[in-house]
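J.: For reference, the structure I am asking about is given below.
The values are calculated or read from the model by the stated rules, or taken from the named source; none is laboratory data. Computed from a prediction, not measured in an experiment: that's the story for all the values here. Positions of Cβ are backbone-derived with ideal geometry, glycine not excepted, and every protein chain shown enters the neighbour counts.
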Amino acid sequence: MRRPLAAACIWIALLAVPFWLPLMGGYTDLATRALIYAIAASGLNLLLGYTGGLSFGHAAYFGLGAYGAGLCLIHVAPSLPLAILAGTVLGGIAGILIGPLVMRRKGIYFSMITIAFGQMFYFIAVRWNGLTGGEDGLTGFSRVPVQIGGHAVMLGPERFYYLVLAVFALVMAVIWQILRSPLGHGFVAVRENPTRLRFLGVAVERQIWVAFAISAFIAALAGALNALLTGFASPDNLGWQLSGSFVVICVLGGMRSVWGPFLGAAIFIVAQDYLSSITQNWMSFIGLIFILAVLFFPQGLLGFSRLKASR
Amino acid sequence: MEALLIYSAFNGLITGIFYALMALGLSLILGLNGVINFAHGTFMALGAYLAFTIEPYVGFWASLVCAPLLAVVLGLLVERWLIRPLYGRDPLFSLLLTFGLAMIMEDLIRTIWGSVGQPFALPAYLNTPLSGSLFFLTGYRLVVILITALITGGLFAALRYTRIGIRIRAGNADLETISAMGVNIYVLRAANFGIGIFLAGLAGILAAGQLGLSPSMGSSLIMPSFVAIIVGGVGSLMGSVLGGLIIGIASGLTAALYPVAQEVVIYAIMAVVLVIRPRGLLGQEGLLE
């Protein structure tokens, strides 16, 4: 009974963000960014927390989503839904292609290969100047009005927030359904006991591949939304620091929980925003968050509270 | 054209040597400590900056030894207080920890020494080309090759013939057994970590003499070192060296023929190796699979 109640409270709070956040000194775009990171981290957590694949290169798919959306707006058609779709498909396809190269690896070796492939996309974005704008990033696009029932609706910060919130709800619903399905149970089984699964006749590698591809699609979706939020796609969207940030978001919130990545993202984004406003050395503090999370909250905040409750 | 290719291949060989030294240290730490040391690149940058600072007082040759040793001191502290609590836990955590450490160290280097790149002063007699026709062959590059050959050879000999080397190799094979036989594996792992950091610091100074100093030099050299390990094969130190040289030369040649792809070619090679020979060139079959 307590869980649905807590979930309802969270959703109501999220729906009311544009009303209460400015009162607390925040701004709506900050909440939008937190939700976007929550989408990406939730997607990653499907692989990281539930399937046990330690991907440290998911910013690659996030960034490809951002570039895909931007390029679609510039070169194909000024349509918001099409841009989101294009970004998602671009990053998702990259995930499908990279998946087979990493799925046979375990543990740290898996991490190392995903880091390296992430870096590959980074260098493609930096070096392919004509298409991507190189180091400066891709600019020259913005949120175009959406056609709804014959009216052109311009998405300001609030309306865009609600669009992202709707996407977030959709992603949470999809992840929830996957985890309840045989596929999701298969993911957890891969994490817990791949040997037994193999004896039962399940193609373990294919499970990992599916999890990898789904999480890449979701990360790319978040990346496309991020490009529309900032009006900009930068090589940093593909970089290793962002990949690491996604992982630490999952760990901070709790990898064994559906809401963990959301909680982690909210804390991370607020901390990053605050730290970068008060000190130039905010990178040190973000690094410190990494270290403290590992040493003191390896179960994550949600896992931590659950551990206390069960005692 | 031929001269250009030889020149580029040689340039690539020098960069490959830096990759190889980095990959060798990473590989050692990955093997016995079971940790991907993401901060390896910043330890390398630290070694270079320390050398930059102490060189005016002690000279180039002494800084080549002292600066990596100073980096090792910090490395041992990190191993003792941050990494040791994570042994035996999910490898995710040690990787995240070194990730955070890399961010902090890079930021501190930027704060202490400035974010603008700086040249690393070499003794003048090392910086002049040896002959007119082989204009790319400076004394410094010869020194880089010689030192690396000596260090790598010495390391392999030490692993083969000294007591601690034999223990490190045995620990790679079965840590539990050598622990049961009375080897203090905590000291062994710390020593192993220190050796890895020494190699990183040395690579940093050698690279600084060639490429100059910048706070982000570590993160730009560590990624190719990962690729070197994957291409060479996890679990094989010789493979890591070989992998580093291969991708260095390939990158150097691509820089001459199609400069835009000089970084991407490294990852393309990795993808090809992963498809054709998933365990890497000299990797052991079944390790970490």
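J.: Select from segment A:264-300 the residues that are within 19 Å of the chain's Cα centre (by Cα), of a type in the set (A, V, I, L, M, F, W, C) and away from chain B (no Cβ under 12 Å) and list them in ascending order.
T.: Within segment A:264-300, A:Ala265, A:Ala266, A:Ile267, A:Phe268, A:Ile269, A:Val270, A:Ala271 meet the criteria.
J.: Please count how many residues of segment B:81-135 are away from chain A (no Cβ under 14 Å), assigned to a helix (DSSP H, G or I) and small (Gly, Ala, Ser).
T.: The number of residues fulfilling the criteria is 1.
J.: Give the residue, chosen from B:Ile205, B:Ile229, B:Ile249, that is of a type in the set (Val, Ile, Thr), under 23 Å from A:Ser111 (Cβ atoms) and in a helix (DSSP H, G or I).
T.: Working: B:Ile205 fails: under 23 Å from A:Ser111 (Cβ atoms); B:Ile249 fails: under 23 Å from A:Ser111 (Cβ atoms).
So the residue among B:Ile205, B:Ile229, B:Ile249 that is of a type in the set (Val, Ile, Thr), under 23 Å from A:Ser111 (Cβ atoms) and in a helix (DSSP H, G or I) is B:Ile229.
J.: Determine, yes or no, whether B:Ala271 is touching a residue at least 40 places away in the same chain (Cβ under 8 Å) and more than 18 Å from B:Phe18 (Cβ to Cβ). Can you show your working first?
T.: On the way: touching a residue at least 40 places away in the same chain (Cβ under 8 Å): no; more than 18 Å from B:Phe18 (Cβ to Cβ): yes.
So B:Ala271 fails the test.
J.: A follow-up question, please. Can you tell me how many residues within segment B:181-195 are assigned to a helix (DSSP H, G or I) and in contact (Cβ under 8 Å) with a residue 12 or more places away in the chain?
T.: Narrowing segment B:181-195 to residues assigned to a helix (DSSP H, G or I): B:185-195.
Within this subset, residues satisfying the condition of being in contact (Cβ under 8 Å) with a residue 12 or more places away in the chain are B:185-186, B:188-195.
Residues meeting the conditions: 10.
J.: Hey, can you tell me all the residues within segment A:134-176 that are surrounded by 18 or more Cβ atoms within 10 Å (Cβ to Cβ) and among the hydroxyl-bearing types (Ser, Thr, Tyr)?
T.: A:Tyr161 - this is the single residue of segment A:134-176 that is surrounded by 18 or more Cβ atoms within 10 Å (Cβ to Cβ) and among the hydroxyl-bearing types (Ser, Thr, Tyr).
J.: How about segment A:7-19: which of its residues are at pLDDT below 85 and loosely packed, with under 11 Cβ neighbours inside 10 Å?
T.: Of everything in segment A:7-19, those that are at pLDDT below 85 and loosely packed, with under 11 Cβ neighbours inside 10 Å turn out to be A:Ala16, A:Phe19.
J.: On the given criteria, is B:Val227 without any contact (Cβ under 8 Å) to a residue 24 or more places away in the chain and within 14 Å of another protein chain (Cβ to nearest Cβ)?
T.: On the way: without any contact (Cβ under 8 Å) to a residue 24 or more places away in the chain: no; within 14 Å of another protein chain (Cβ to nearest Cβ): yes.
Taking the combined requirement at face value, the residue does not satisfy it.
J.: Which condition number in (1) more than 30 Å from B:Val275 (Cα to Cα); (2) in a helix (DSSP H, G or I); (3) away from every other protein chain (no Cβ under 14 Å) is the one that A:Gln147 fails?
T.: (2)
Matching residues to (1) away from chain A (no Cβ under 14 Å); (2) surrounded by fewer than 24 Cβ atoms within 10 Å (Cβ to Cβ); (3) of a type in the set (Gly, Ala, Ser):
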position: B:Ile168; (1), (2), (3): yes, yes, no
position: B:Ala200; (1), (2), (3): yes, no, yes
position: B:Leu206; (1), (2), (3): yes, no, no
position: B:Leu213; (1), (2), (3): yes, yes, no
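J.: Out of all the residues in segment A:115-129, is one or more surrounded by 18 or more Cβ atoms within 10 Å (Cβ to Cβ), in contact with a strand residue (DSSP E or B) (Cβ under 9 Å, 6 or more places away or on another chain), at pLDDT 90 or above and within 14 Å of another protein chain (Cβ to nearest Cβ)?
T.: yes
J.: With respect to A:Phe141, determine if the residue is part of a loop (DSSP other than H, G, I, E, B), aromatic (Phe, Trp, Tyr) and out of contact with any Cys (no Cβ under 7 Å at 6 or more places or on another chain). Reasoning before the result, please.
T.: On the way: part of a loop (DSSP other than H, G, I, E, B): yes; aromatic (Phe, Trp, Tyr): yes; out of contact with any Cys (no Cβ under 7 Å at 6 or more places or on another chain): yes.
For A:Phe141, the condition - part of a loop (DSSP other than H, G, I, E, B), aromatic (Phe, Trp, Tyr) and out of contact with any Cys (no Cβ under 7 Å at 6 or more places or on another chain) - is met.
J.: Between B:Leu69, B:Leu32, B:Leu108, which is free of Cβ contacts under 8 Å to residues at least 40 places away in the same chain and farther than 29 Å from B:Gly252 by Cβ? Break it down into steps so the answer makes sense when it comes.
T.: On the way: B:Leu69 fails: free of Cβ contacts under 8 Å to residues at least 40 places away in the same chain; B:Leu32 fails: free of Cβ contacts under 8 Å to residues at least 40 places away in the same chain.
One residue alone meets the criteria, B:Leu108.
J.: Sticking with this structure for a sec: Hey, could you check segment A:217-238 for residues that are of a type in the set (Gly, Ala, Ser) and under 9 Å from the mean Cα position of the chain (by Cα) and say which is nearest to A:Val164 (Cα to Cα)?
T.: So in segment A:217-238, the residues of a type in the set (Gly, Ala, Ser) come out as A:219-220, A:222-224, A:227, A:231, A:233-234.
The next check asks that each one be under 9 Å from the mean Cα position of the chain (by Cα); those that pass are A:219-220, A:222-223.
Working: A:Ala219: 13, A:Ala220: 14, A:Ala222: 9, A:Gly223: 12 Å.
Looking at the filtered set, the residue picked out is A:Ala222.
J.: Something else: Considering A:Gly25, A:Gly68, which residue is surrounded by fewer than 22 Cβ atoms within 10 Å (Cβ to Cβ) and of a type outside the set (Asp, Glu)? Walk me through how you get there before you give the answer.
T.: On the way: A:Gly68 fails: surrounded by fewer than 22 Cβ atoms within 10 Å (Cβ to Cβ).
Going through A:Gly25, A:Gly68 in turn, just one is surrounded by fewer than 22 Cβ atoms within 10 Å (Cβ to Cβ) and of a type outside the set (Asp, Glu): A:Gly25.
J.: Kindly indicate which of A:Leu238, A:Leu252 is farther than 24 Å from B:Leu108 by Cβ and buried (at least 24 other Cβ atoms within 10 Å of the Cβ).
T.: On the way: A:Leu252 fails: farther than 24 Å from B:Leu108 by Cβ.
Being farther than 24 Å from B:Leu108 by Cβ and buried (at least 24 other Cβ atoms within 10 Å of the Cβ) holds for just one of A:Leu238, A:Leu252, which is A:Leu238.
J.: Go through segment A:65-111 and give me each residue that's part of a helix (DSSP H, G or I) and within 14 Å of chain B (Cβ to nearest Cβ).
T.: Initially, segment A:65-111 is screened for residues part of a helix (DSSP H, G or I), giving A:65-76, A:80-102, A:107-111.
The answer is A:Ala94, A:Leu97, A:Ile98, A:Gly99, A:Pro100, A:Leu101, A:Val102, A:Gly107, A:Ile108, A:Tyr109, A:Phe110, A:Ser111.
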